[in-house]
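Notes for the one structure printed next.
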C-alpha cells in the first residue's frame with residue numbers, strides 16, 4: 001500500500017519513518033525548501049523512546065506530483081490550523097481522489113475538517129501519545145512514547161483499518177483501534193490546551209510555570225473546567241483525570257510546549273482547535289468556563305499581534 005504524508009514536522013517525520021521501517025511505500029509532500037533538501041540528501045534518524053533509521057525516497061515539493069503517487073491513505077500531520085487550506089487544495093488538484101485521510105493532529109474534533117470535505121467513510125483520527133523534537137533536520141529525539149490510538153469508525157473499511165494498525169506496529173510504533181476514541185482525544189486536548197496555553201501566554205517552560213503557585217492554580221482550574229465540558233459531552237473523563245494531568249505536567253521539566261515555540265517563531269497556533277473548541281462546546285451547553293474562556297481570548301489576541309508583527 002502507498003501512504004502519503006503531509007506535514008514534515010517531527011511528528012509527521014516520525015510517523016513516516018516507522019512506516020518505511022515496516023517496508024511500506026511513503027510519498028511525502030514538503031513545502032519547506034531546506035527540509036526538502038535535507039530529506040532528499042540524508043537518511044532520517046529517530047532516537048530515544050522510538051527508533052528508526054530510514055531514507056525517505058519520495059519527497060515532493062509540488063502537490064500535484066505528490067498526489068500522482070495515488071496514495072491509498074494520506075496522513076495529515078500538519079498543524080490543525082492549516083487543515084482547511086491543505087484539504088481544499090487537495091480537493092482542487094484531485095477532485096476524483098478516493099484516498100482515506102487520517103488526521104494525526106492535536107485538537108478537539110479536528111477530523112471534522114476532513115469529514116466536511118470528503119465524508120465520514122474517508123476519515124479516521126489518530127491520537128498520538130509521544131513527545132518529540134528535531135535535533136537536526138534529519139534527526140528527531142523522542143522523549144517519551146506510549147501506545148497510540150486509531151479511531152475505529154464503522155464507516156471505514158475494516159480491513160483497511162487493520163492494515164494501518166499492522167503496518168505501524170510492524171514498524172515499531174505501537175497502535176491500537178479504539179471505538180471510544182473521542183474520549184481519548186478529549187483527554188489529550190485537555191493536556192495540550194491547559195499548560196501549553198499558559199506557557200505560551202507567560203513565556204515560561206512547563207517546570208517554571210508550575211513552580212509559581214498562582215500560575216499552577218490557573219492550570220488546575222483550566223483542567224477542571226475542561227473535564228466538566230467533556231463530562232457534559234457524555235465522555236468518560238473522570239474527575240481523577242485532574243490529578244493525572246497535574247502529575248503528567250510535573251514530568252515535563254524545562255520543556256517548551258510546541259505552542260510556545262510557535263509563538264516565539266511568529267507562527268499560528270492550534271488555539272482555535274483547543275481552547276476555542278472547548279469554549280464553543282461549553283457555550284452550546286450553557287456551561288460557565290471563565291478560565292478557559294479567558295485563556296482562549298488572551299491567546300487569540302497574542303497570536304493576532306504576533307502574526308501582524310511578522311507580516312509588517
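The values are calculated or read from the model by the stated rules, or taken from the named source; none is laboratory data. Small disclaimer: the values here were computed from a predicted structure and weren't measured. Cβ coordinates were reconstructed from backbone atoms using ideal geometry, including for glycine residues, and neighbour counts include every protein chain displayed.
Within the range 234-249, the residues that satisfy the criterion of being over 21 Å from the mean Cα position of the chain (by Cα) and surrounded by fewer than 16 Cβ atoms within 10 Å (Cβ to Cβ) are 234, 236, 238, 239, 240, 243, 247. Restricting attention to the range 20-35, does a residue exist that is more than 30 Å from residue 275 (Cα to Cα), surrounded by fewer than 16 Cβ atoms within 10 Å (Cβ to Cβ) and in contact with a helix residue (DSSP H, G or I) (Cβ under 9 Å, 6 or more places away or on another chain)? Among the residues of the range 20-35, at least one is more than 30 Å from residue 275 (Cα to Cα), surrounded by fewer than 16 Cβ atoms within 10 Å (Cβ to Cβ) and in contact with a helix residue (DSSP H, G or I) (Cβ under 9 Å, 6 or more places away or on another chain), which makes the answer yes. Meeting the requirement of 1 or more residues that are more than 17 Å from residue 28 (Cβ to Cβ) and touching a strand residue (DSSP E or B) at 6+ places or on another chain (Cβ under 8 Å), the helices (runs of 4 or more DSSP H) wholly within the range 40-150 are 83-93, 112-118.
Per-residue answers, yes or no, for (1) farther than 30 Å from residue 293 by Cα; (2) assigned by TED's automatic domain parsing to the domain that holds residue 18; (3) surrounded by 16 or more Cβ atoms within 10 Å (Cβ to Cβ):
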residue: 151; (1), (2), (3): no, yes, yes
residue: 164; (1), (2), (3): yes, yes, yes
residue: 167; (1), (2), (3): yes, yes, yes
residue: 201; (1), (2), (3): no, no, yes
residue: 208; (1), (2), (3): no, no, no
residue: 213; (1), (2), (3): no, no, no
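Test residue 189 against the stated conditions and say whether it is assigned to a helix (DSSP H, G or I) and within 21 Å of the chain's Cα centre (by Cα). Judged against the criteria, residue 189 is a match. Apart from one condition, residue 98 fits all of (1) farther than 20 Å from residue 245 by Cβ; (2) crowded, with 19+ Cβ neighbours inside 10 Å; (3) modelled with pLDDT under 95; the exception is (2). The set of residues from the range 279-306 being over 15 Å from residue 218 (Cβ atoms) and surrounded by 14 or more Cβ atoms within 10 Å (Cβ to Cβ) comprises 279, 280, 281, 282, 287, 300, 302, 303, 306.
Being surrounded by fewer than 18 Cβ atoms within 10 Å (Cβ to Cβ), more than 15 Å from the chain's Cα centre (by Cα) and not in a strand (DSSP E or B): is that true of residue 224 here? When the stated conditions are applied, residue 224 does not pass them. Annotation note: Cβ proximity below 6 Å between a residue of the range 51-74 that is assigned by TED's automatic domain parsing to the domain that holds residue 130 and touching a residue at least 60 places away in the same chain (Cβ under 8 Å) and a residue that is surrounded by 19 or more Cβ atoms within 10 Å (Cβ to Cβ) and assigned to a helix (DSSP H, G or I) (sequence gap 6+ or interchain) occurs for 52/17; 52/18; 52/21. Each residue in the range 138-151 was checked for being modelled with pLDDT of 95 or more and in contact with a helix residue (DSSP H, G or I) (Cβ under 9 Å, 6 or more places away or on another chain), and 6 of them qualify. Whenever a residue of the range 154-170 is outside any helix (DSSP H, G or I), its partners that are modelled with pLDDT of 95 or more and surrounded by 13 or more Cβ atoms within 10 Å (Cβ to Cβ), lying with C-beta atoms within less than 7 angstrom and at least six residues away or across chains, give the pairs 156/100; 156/124. Residues in the range 12-33 that are modelled with pLDDT of 95 or more and assigned to a helix (DSSP H, G or I): 12, 13, 14, 15, 16, 17, 18, 19, 20, 21.
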